[in-house]
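J.: Quick one: the structure is below, questions incoming.
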There are 2 protein chains.
Amino acid sequence: MLAVRPAVPGDWPELWAIMEPVVRAGETYCGDRERDEGAGRPGWLPGPAGPDPTLRVLVAVDDGGAGVGPAPLPANRGGPGSHVANASFLVSADAGGGGVGRALAEYVLQEARRAGYEAMQFNAVVETNVRAVGLWRSLGFDVVGTVPGAFLHPDLGYTGLHIMHRRL
Amino acid sequence: MLAVRPAVPGDWPELWAIMEPVVRAGETYCGDRERDEGAGRPGWLPGPAGPDPTLRVLVAVDDGGAGVGPAPLPANRGGPGSHVANASFLVSADAGGGGVGRALAEYVLQEARRAGYEAMQFNAVVETNVRAVGLWRSLGFDVVGTVPGAFLHPDLGYTGLHIMHRRL
């Protein structure tokens, strides 16, 4: 069984343990593959380390209480674009097949609705990450456009980045 | 005649004088309309105030040496997405008809090429800002997708945000 709750700073070591292999692999995430823990933290935890003090970060935890997926929930743009939430998830590779992504996404959609957001947007879903694309489609997201060649996959070479969107 | 050169911190008062009415109008730019000068500065000038110390910011200056348009030039994404430059321009309303946007964009495209970027991307061009959309199209950018209703225009209501892209 999974539960989803707001992240707290004490979650960071577990979250980084999930994020680090994803970042190092460079297959699904637009981050510097060599980034260290300090550079990885802003944006993935609330509080002074984050760029936005109002940022809410949710975390899925398994039976043992271990964090298996962080999900920040900021507005995707400022001002006249602030009614659209940004979608961003990182799920433990071990937990990938266990519905963690879906559980976390469903909770995040519900929280975003409750916070008054009118839509949600992914800015960069790697086209070759078919499991993720399929999951977001099954949750009501459409691909509104694909930036050609915008992601350099270590094995597959240049591939596209989907912008995915759904109304709430 | 216009010249384009790297921005320096001393340019800030003039740049803010250009940016402030654009931000307050809320018609073309995704920023908090009430933001103060301090919140407006990060990202638009190099140095310790910016989120990325490697950020280069270019500025177009007119005959009198006055800044009429800042243009930061960071990567649009990290790691496997870092070969695509972000495009972002703010042009003085007074200078809007004088080719400032075009001159600045042409220089930025050339600098981006020189820096080794392979493509350039706008993340959020307001669909109703037809002059900007037309200018970027004339410079070789295509609309790769439009996020429906992602921008709330003060007079026109909900409108789309284009993602625009060109290879370099």
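J.: Just to be sure I understand the filter: pairs with C-beta atoms under 6 Å, separated by 6 or more residues or on different chains, first member in the stretch B:111-124 and more than 13 Å from chain A (Cβ to nearest Cβ), second member among the small types (Gly, Ala, Ser) and assigned to a strand (DSSP E or B). Which pairs pass?
T.: Taking only residues 6 or more apart or on different chains, the pairs are B:Ala112/B:Ala85.
J.: Here's a follow-up. Out of all the residues in the stretch B:100-136, which are of a type in the set (D, E, K, R), in contact with a strand residue (DSSP E or B) (Cβ under 8 Å, 6 or more places away or on another chain) and surrounded by fewer than 19 Cβ atoms within 10 Å (Cβ to Cβ)?
T.: Taking the stretch B:100-136 as the starting set, the residues that turn out to be of a type in the set (D, E, K, R) are B:102, B:106, B:111, B:113-114, B:118, B:127, B:131.
Add one more test, that the residue is in contact with a strand residue (DSSP E or B) (Cβ under 8 Å, 6 or more places away or on another chain), and what stays is B:111, B:118, B:127.
Across the stretch B:100-136, the qualifying residues are B:Glu111, B:Glu118.
J.: Kindly provide the set of residues from the stretch A:1-27 that are assigned to a loop (DSSP other than H, G, I, E, B) and over 17 Å from A:Glu111 (Cβ atoms), ordered by number.
T.: Result: A:Met1, A:Gly26, A:Glu27.
J.: Now a separate question. Within the bounds of the stretch B:94-107, is there any residue that is modelled with pLDDT of 90 or more, more than 9 Å from every other protein chain (Cβ to nearest Cβ) and touching a Lys or Arg at 6+ places or on another chain (Cβ under 8 Å)?
T.: No; the residues of the stretch B:94-107 include none that is modelled with pLDDT of 90 or more, more than 9 Å from every other protein chain (Cβ to nearest Cβ) and touching a Lys or Arg at 6+ places or on another chain (Cβ under 8 Å).
J.: Further question: List the residue pairs whose Cβ atoms are under 7 Å apart, where the first residue sits in the stretch A:1-27 and is over 15 Å from A:Ala71 (Cα atoms), the second is in a helix (DSSP H, G or I) and at pLDDT 85 or above, and the two are 6 or more positions apart or on different chains.
T.: A:Gly26/B:Gly79; A:Gly26/B:Pro80
Residue by residue, here is whether (1) of a type in the set (Lys, Arg); (2) closer than 17 Å to B:Ala71 by Cα holds:
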position	(1), (2)
B:Arg102	yes, yes
B:Ala105	no, yes
B:Arg114	yes, yes
B:Met120	no, yes
B:Thr128	no, no
B:Leu135	no, yes
B:Val143	no, no
B:Ala150	no, no
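J.: Could you check the stretch B:74-88 and list, in sequence order, the residues that are surrounded by 22 or more Cβ atoms within 10 Å (Cβ to Cβ) and either touching a Lys or Arg at 6+ places or on another chain (Cβ under 8 Å) or more than 8 Å from every other protein chain (Cβ to nearest Cβ) (or both)?
T.: B:Pro80, B:Val84, B:Ala85, B:Ala87
The values are calculated or read from the model by the stated rules, or taken from the named source; none is laboratory data. These numbers come from a predicted model, not from an experiment. Cβ atoms come from the backbone with ideal geometry, glycine included; neighbour counts cover every protein chain shown.
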